[in-house]
Each structure stands twice: as structure tokens, then as C-alpha cells.
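What follows is a set of notes on a single structure, which appears directly below.
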There are 4 protein chains.
Amino acid sequence: MTPFQWPVRVYYEDTDAGGVVYYAHYLKFLERARTEWLRAMGFEQHLIRQQQGVLFGVRAVTIEYKKPARLDDQLSVGVDVTELRKASISLDQVITNNMGELIVMAHVNIVCLHSDSFTPSPVPETIVEAVKKCI
Amino acid sequence: MTPFQWPVRVYYEDTDAGGVVYYAHYLKFLERARTEWLRAMGFEQHLIRQQQGVLFGVRAVTIEYKKPARLDDQLSVGVDVTELRKASISLDQVITNNMGELIVMAHVNIVCLHSDSFTPSPVPETIVEAVKKCI
Amino acid sequence: MTPFQWPVRVYYEDTDAGGVVYYAHYLKFLERARTEWLRAMGFEQHLIRQQQGVLFGVRAVTIEYKKPARLDDQLSVGVDVTELRKASISLDQVITNNMGELIVMAHVNIVCLHSDSFTPSPVPETIVEAVKKCI
Amino acid sequence: MTPFQWPVRVYYEDTDAGGVVYYAHYLKFLERARTEWLRAMGFEQHLIRQQQGVLFGVRAVTIEYKKPARLDDQLSVGVDVTELRKASISLDQVITNNMGELIVMAHVNIVCLHSDSFTPSPVPETIVEAVKKCI
């Protein structure tokens, strides 16, 4: 199955004095893509939280920086589910530029949390059903 | 009265591909100094919110960029109260570098808000008393 | 003439512990819209810099926060030129949400700078011609 | 040898609508500590770049989020070199709060790059000598 893709443009805010995208900001791009992947399946995070009392937190990230992105670059961020567990989801996320060059490779583990206590909660059933179709 | 001063170091995260501090990030520096000014008077914002149900929001900013700051610069951010009203505080905030050069001049109006409704609330009396001594 | 409009979605990265968009981040939204306004007229900022040795810096911002934006909000950011001078451009920029509510009103003065010395430079003639049509 | 430690305070800018520090921002904290570790050994990054034509880029990060940090938390960020190679340095970086609780564990690989071409360069000899003493 083709992974979900989300376009991201590089603005001045994303770059640093080295002339390239600052390394922490790629994690914002990864999160925008995960948010839009959930939205594309019908889930708005502020509603998940209001209605089910849960939110997704990030438990672990492994990220490799392959090639720097620069101002005005048009990037594409992928979301590819690799594992669905009771309270967590693992994803591979690749960022490429519009020359098809690999910019970033990441593996992200997100966990469903009670929004008040930040203790693990089962992923809501409707989300489980939707995510299963992505694997 | 000498305005409160808070030191800020410029890191890569603060700069952009122009080689200087990104214009939005000076507002973070201004807010750090306001937070430390409140803390120096004995007020922690998360406690103000928990105990009194209010938080400070920014209603308006006027900011002039005089000279760019760069990576590794050591800046100083001032907090100088110019007006205290029932639900709001106005401040002049100047940022200088360690050569004494003027980087940024700002005028900031903050307003006390109920943290749930975001409607204006009187500034808590203990804060009013402390701020009066700064004018 | 209808001002240029650019859509911006609010992500977690844009919000703070108050539950709303952090006040400095609206300046990022304003800059994205200015960048896309220039791009829509055919000007890429990294090319302007490479080819003409100039970049646009922000000299002054006046911003009023009218209503907080929140996670998942879909905003629209306007760009409306109010004045074109030899080395600077003044713009009104309004941010609204998709209920048509006013979130932010800003007035921004940008100045054309030599990218090495950061001293003022005339706005390149091709940009002057394009901007004149926006007034 | 006790790892280098750098204090970081959590401000509103660092938090998100979940009420905790946004996951990407810990990478800023990690980088501030690395910058101050270099500075403590006598190396300013803007001078390294000007004088030697190199800069440090991040090639890979593995990060685990153990416990969320919150507004006003006082954190401590460690820098512990684990490996020094010809063109790269590997570090363990742990973030704790002032209760001694573990917030984040990270492993970071940085690489020395020619600042114009972003191709690998040997780590400058003076830095090699200083870093060796940290292992």
C-alpha cells in the first residue's frame, strides 16, 4: 500500500544560520504529516481529546539526516504504519524533496495517553479499525 | 528605577538562513524576560494559573528591529512597566547585545485572562502590589 | 483589489500550554503568507538572494491579538500592500479563522537589504513593478 | 568522568496544547547543551566556521521520551561523549528535572562538515584534543 504523503514547504522559520533546515524542525514536519494522516481518516486530534479523553504522545524517535533541505524546498513527508499494538502505533516516516532525493528517514513510536494523567490508554476502537487498513 | 534584565544567548535554533535571529524569535526572548521578571517577584505562572485560574495573554505588540543579532551573541532583555490597569499591564522591552548596541525595541500589552474562558480578569492583588513597586 | 490570501493549519507545534497558538508563532504565519505572495508573483526568495544579492528583512511589526486560534483551526492569512517606497514595503496582514472571525491584525514594514552587509538596498525593479499592481 | 550539564528552564514557547513540552523542542535543549559544552572548552561555533570553514551537523538522533516536562520546570541536560572518530562525534544526552526524574534519553551522532559543500571534514585538531579529555 502506498504510504500517505503530505507536502511541506520550507520557509525561513524552518532554516538556521547554517543555511539549511534546523534538525529539530523535521520533527514538526513529521508530526504535521501524522496529523494530516489521522485527519484524512476522519480523526481530528482536538475532538479525539474532547470526546475520548485521550491524546497521542511520542515515546521514541529514531531519525537519520541524509541530505539537508533548504529555503523554498518543496518536501513530501510519508506516513507508513509498521505496527499497531493495544496502546501504541509504530510508523516509518520518510521525507523526500521534489527531486526525489532522500532528506530524512525516521521511525516513530506514538502512544495513546489519557490526556489528564498521561498514562497509557488503549487506542480508541474507531482509530484501530482505520489504522488496520493502512498496514 | 533600573528595569529588570534577563540574559539570553543566541543558539542555532534562533537563527535563520539569513544568518541572523529570525524575527519571530525575539518575541520568545521578550516572553522569557517577562516570565523571569514575574518569577523574581515570586510568581510562577503555572501556579498563578492553578491557584487563581488566570493567565497572562498578549493583547498587542509593537516591535522595531534595529540591528540583527547573530549566532553566539549574548543579549540582554529588559522589562520596564509603563502602565498598570485593572486587567492589563503595559511594558517597554529593549534588547541589547553585549556591545551595548540596540537590537530590538518593543512595547507589549499583556492582559490577565480567565484560563478557561479567555475573558479578561482583574490582575491578582498580590501581583498588583508587586508590579506597583516596579513603576 | 482583494488581498492575497494564504491558508494555514494550526498544528501542535503552534500551540502552547495555554491551549492556544503561542503569540510569537503568528509572525511565522504572516511570513509564510508574504513568501507565498511573492512566489505567486514569480519571486523565490532564495533566487532573489542568489541573483540580486538582496533579501527582505522585517523592520517593524505592530500586531494585535483579537481572538485566540486553537489546535486544528484552519486560518487564512492576508497580504495587503499599503505603501511601496524605494527600499521598503508596508503591508497590512489580517488573520481570520474559517468562521470568519478576526484572530490577528498586523501591520508589517519590510525593508530590502544587501544580503552581506544588511544595509538598505533599492527593491529590485521587477519586484517594484509587480508590487505596484497590488496597490 | 561526570558528564557536562547545562540548565534549561521550560517557557511557554516550549510547551504545546497537551500541556507539556513539545517533542521536537527537546532537540533544541540537546543542542544548547552541546553548544555550551563546546563553549566551555573554548570553542565558539561561529568562530569555528569563520576560521576553519567547518560546522557540526547532526547525522542521527535516537531519542526516548520517558516523562513529560512542564511549564516552569527546571531541567538539566547532559553531554557525555561515547565515541570520537575522524569526522564525527557520538554523544549520550540525558535530560532530567530538578526532582532527579528522567525526562529524555538521547543518543546523538554529529558530523563535521565543510560549511559550503556540507561534505564531511576531519574534526579540527584542537577540538579533537579537547574532546579526547571528555571520554
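The residues in the stretch A:4-34 that are under 19 Å from D:Tyr22 (Cα atoms) and part of a helix (DSSP H, G or I) can be counted, and the count is 12.
Tell me, please, whether a residue that is in contact with a Phe, Trp or Tyr (Cβ under 9 Å, 6 or more places away or on another chain), within 14 Å of chain A (Cβ to nearest Cβ) and either over 30 Å from B:Gln50 (Cα atoms) or assigned to a strand (DSSP E or B) (or both) can be found in the stretch D:115-133. No: zero hits. Of the residues making up the stretch A:107-131, just one is more than 14 Å from A:Arg85 (Cα to Cα) and touching a helix residue (DSSP H, G or I) at 6+ places or on another chain (Cβ under 6 Å), namely A:Ser115.
Within the stretch B:48-60, being more than 17 Å from the chain's Cα centre (by Cα) and in a helix (DSSP H, G or I) holds for B:Arg49, B:Gln50, B:Gln51, B:Gln52.
Would you say B:Thr96 is closer than 25 Å to B:Tyr26 by Cα and either touching a helix residue (DSSP H, G or I) at 6+ places or on another chain (Cβ under 8 Å) or not aromatic (Phe, Trp, Tyr) (or both)? Judged against the criteria, B:Thr96 is a match.
Count of the stretch C:73-107 residues, restricted to those that are of a type in the set (A, V, I, L, M), farther than 13 Å from C:Lys132 by Cα and part of a strand (DSSP E or B), is 10.
Considering only residues that are more than 10 Å from every other protein chain (Cβ to nearest Cβ) and either in a helix (DSSP H, G or I) or at pLDDT below 95 (or both), look in the stretch D:35-47 and name the one that is surrounded by the fewest Cβ atoms within 10 Å (Cβ to Cβ).
Let us first name the residues in the stretch D:35-47 that are more than 10 Å from every other protein chain (Cβ to nearest Cβ), namely D:37-38, D:40-43.
Those left that are additionally either in a helix (DSSP H, G or I) or at pLDDT below 95 (or both): D:37-38, D:40.
On the way: D:Trp37: 24, D:Leu38: 19, D:Ala40: 12.
Within the stretch D:35-47, the match that is surrounded by the fewest Cβ atoms within 10 Å (Cβ to Cβ) is D:Ala40.
Among the residues of the stretch A:61-101, those that are under 15 Å from the mean Cα position of the chain (by Cα) and small (Gly, Ala, Ser) comprise A:Ser76, A:Gly78, A:Ser88, A:Ser90. Filter the stretch D:1-34 down to the residues that are touching a residue at least 24 places away in the same chain (Cβ under 8 Å), over 18 Å from A:Leu30 (Cα atoms), away from chain A (no Cβ under 11 Å) and more than 18 Å from the chain's Cα centre (by Cα) and list them by number. Residues satisfying the conditions are D:Tyr11, D:Tyr12.
Checked against (1) among the aliphatic types (A, V, I, L, M); (2) out of contact with any strand residue (DSSP E or B) (no Cβ under 6 Å at 6 or more places or on another chain); (3) buried (at least 18 other Cβ atoms within 10 Å of the Cβ), B:Met99 passes all but condition (3).
Restricting B:Gln74, B:Gln51 to residues that are more than 14 Å from chain C (Cβ to nearest Cβ), in contact (Cβ under 8 Å) with a residue 40 or more places away in the chain and either of a type outside the set (A, V, I, L, M, F, W, C) or out of contact with any helix residue (DSSP H, G or I) (no Cβ under 8 Å at 6 or more places or on another chain) (or both) narrows the list to B:Gln74.
The values are calculated or read from the model by the stated rules, or taken from the named source; none is laboratory data. Note that the structure is a prediction, hence the values are computed from the model and not measured. We place every Cβ from the backbone using ideal geometry, glycine too, and count neighbours over all the protein chains shown.
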